[in-house]
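The values are calculated or read from the model by the stated rules, or taken from the named source; none is laboratory data. None of the values given here were measured: they were computed from a predicted structure. Methodologically, a virtual Cβ is constructed for each residue, glycine included, from the backbone with ideal geometry; neighbour enumeration extends over all protein chains shown.
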Amino acid sequence: MLRYWTAGESHGKALLALVDGFPAGVEIETESIDFELRRRQGGYGRGGRQRIETDQVELRSGIWHNQTLGSPIALEVINKDAKLERLDDLSRPRPGHGDLTGAIKFLGPIRGILERASARETAARVAAGALAKQLLKPFGIVAFGYVVELGGIEIIPQPGTLEEQRALRERSEIYSLNPDQDDAVKALIDAKGKEGDTLGGILEIRVEGLPFGLGTHAQWDRKLDGRLAQAVMAVQAIKGVEIGMGFRAARLPGSQVHDPIHFDAAQKNSPNLGYTRPTNNAGGLEAGMTNGQPLVIRAAKKPISTLRKALESVNLDSKQPESANYERSDVCAVPAASVILENVVAFEIACALIDKFGGDSLAEMQARWKLFHEMARER
Ligand code: EPS
């Protein structure tokens with residue numbers, strides 16, 4: 001079983017991820033993890049913290065000569081802005097953050113909550129997800145995330161091959177698949193930033209190259225749609241998740257929702273085994289299992305809850321009405337969220353891949369992948 005935990009405070013010494021159950025024999029490139037960490041720090045609308053940090057991963061265990069050993073892998077991202085011991089507590093909780101609820105639940109300081117609730121923690125999740133991608137790579141499985149809506153502006157993805165779309169995303173400061181819309185979106189971010197306000201948006205994550213049968217229909221807690229929804233919802237500020245057609249499917253008749261099944265012998269050797277679908281409204285999942293089509297998952301991110309134009313709050317000491325505390329923050333971290341979700345989804349796919357094909361070594365997984373596909377082609 002593959003799993004991970006993270007540790008660390010936003011202004012503590014470091015962020016840590018401990019990955020357990022990662023197979024042996026996987027080639028690890030530190031640069032690929034650092035590439036994802038840098039992307040997470042970027043995107044238009046970020047705040048001052050990202051000018052201080054240059055996130056880089058240190059692999060502290062589980063690797064020998066750039067190959068995984070099958071033992072736990074500890075990843076560390078050092079915080080340059082490590083000043084937790086010098087920071088004071090806050091008394092005016094920010095609506096939308098965990099400040100009020102956490103301080104009451106733990107009978108302690110707001111600082112103790114916000115430091116851990118901060119989305120800086122996602123640097124550790126991205127490091128773990130970027131590690132997981134290196135297990136997906138030899139199987140030809142690719143996770144790809146981008147922004148499809150920001151502050152209410154819909155951003156239409158330009159069609160193209162994965163490589164063409166990757167190039168579009170690299171050109172876009174919004175991390176969308178339509179850089180031509182960047183100027184309009186950036187103008188909105190600038191305007192809201194001037195007003196002291198913040199913006200949210202919608203992210204889409206696609207996973208290509210998936211085999212049939214990751215996840216299972218047989219038990220609720222092993223259904224892959226449920227597992228993905230949990231991983232995505234558990235990312236800071238995510239308030240909604242959709243798979244494929246999502247909520248729209250509830251408003252249409254079945255004939256316009258379910259994807260017809262066709263067979264094309266020419267595609268017999270691809271992961272879909274030749275079973276094609278003219279549409280992919282199911283988003284690659286039926287009955288909690290991958291169905292050979294690309295996985296498509298969308299998530300809604302609320303606007304950041306630290307506003308310069310602070311919202312109404314209450315002073316926890318005096319109980320008098322006061323404006324919420326303001327701490328340095330971003331106007332918009334929607335592009336960063338697309339990177340976070342891409343990597344979080346990649347980790348869940350790696351878990352499901354190990355569940356299906358075994359987890360001791362890459363070589364054994366590849367042999368079982370090959371055997372399964374041979375048998376499935378004969379089914
Ligand atoms: C973030 C780092 C944080 C914030 C932001 C995300 O750094 P600091 O608090 O030092 O400015 O910029 O945090 C939040 C959005 C939040 O809700 O706390 C990061 O690295 O992603």
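Please determine, by comparing only the residues of region 37-70 that are small (Gly, Ala, Ser) and either in contact (Cβ under 8 Å) with a residue 24 or more places away in the chain or touching a Leu at 6+ places or on another chain (Cβ under 8 Å) (or both), which one is farthest from Gln236 (Cα to Cα).
Initial filter on region 37-70 (small (Gly, Ala, Ser)): 42-43, 45, 47-48, 61-62, 70.
Filter once more, so that each one left must be either in contact (Cβ under 8 Å) with a residue 24 or more places away in the chain or touching a Leu at 6+ places or on another chain (Cβ under 8 Å) (or both): 42-43, 45, 47-48, 62, 70.
Numbers: Gly42: 17, Gly43: 17, Gly45: 17, Gly47: 17, Gly48: 19, Gly62: 28, Gly70: 30 Å.
Going through the qualifying residues, I end up with Gly70.
Rundown of residues vs (1) assigned to a helix (DSSP H, G or I); (2) within 16 Å of the ligand (Cβ to nearest atom); (3) small (Gly, Ala, Ser), yes/no style:
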site: Leu100; (1), (2), (3): yes, yes, no
site: Ala103; (1), (2), (3): yes, yes, yes
site: Gly112; (1), (2), (3): yes, yes, yes
site: Arg116; (1), (2), (3): yes, yes, no
site: Ala123; (1), (2), (3): yes, yes, yes
site: Gly129; (1), (2), (3): yes, yes, yes
site: Tyr146; (1), (2), (3): no, no, no
* Looking at Ala17, is it assigned to a strand (DSSP E or B) and either without any contact (Cβ under 8 Å) to a residue 12 or more places away in the chain or surrounded by fewer than 19 Cβ atoms within 10 Å (Cβ to Cβ) (or both)? -> no
Residue count, region 316-342, condition under 17 Å from Arg111 (Cβ atoms), near the ligand (Cβ under 10 Å from one of its atoms) and charged (D, E, K, R), comes to 2
(1) closer than 26 Å to Ala324 by Cα; (2) modelled with pLDDT of 95 or more all hold for His65 apart from (1)
(1) under 25 Å from Met245 (Cβ atoms); (2) part of a strand (DSSP E or B); (3) within 16 Å of the ligand (Cβ to nearest atom) all hold for Ser313 apart from (1)
Considering residues that are under 18 Å from the mean Cα position of the chain (by Cα) and not β-branched (Val, Ile, Thr), the number found within region 1-43 is 20
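Conditions tested, residue by residue: (1) over 30 Å from Ser176 (Cα atoms); (2) in contact with a strand residue (DSSP E or B) (Cβ under 8 Å, 6 or more places away or on another chain); (3) surrounded by fewer than 22 Cβ atoms within 10 Å (Cβ to Cβ); (4) of a type in the set (D, E, K, R).
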site: Ser305; (1), (2), (3), (4): no, no, yes, no
site: Gln320; (1), (2), (3), (4): yes, yes, yes, no
site: Arg328; (1), (2), (3), (4): no, no, yes, yes
site: Leu353; (1), (2), (3), (4): no, yes, no, no
Exactly one of Ile155, Ile202, Ile113 is of a type in the set (Val, Ile, Thr), within 26 Å of Gly283 (Cβ to Cβ), surrounded by fewer than 23 Cβ atoms within 10 Å (Cβ to Cβ) and touching a helix residue (DSSP H, G or I) at 6+ places or on another chain (Cβ under 9 Å), and that residue is Ile202
The number of residues in region 342-379 that are at pLDDT 95 or above and in contact with an Asp or Glu (Cβ under 9 Å, 6 or more places away or on another chain) is 4
Taking region 202-224 and keeping only residues that are more than 18 Å from Phe139 (Cβ to Cβ) and out of contact with any Asp or Glu (no Cβ under 7 Å at 6 or more places or on another chain), one is left with Leu203, Glu204, Thr216, His217, Ala218, Gln219, Trp220, Asp221, Arg222, Lys223
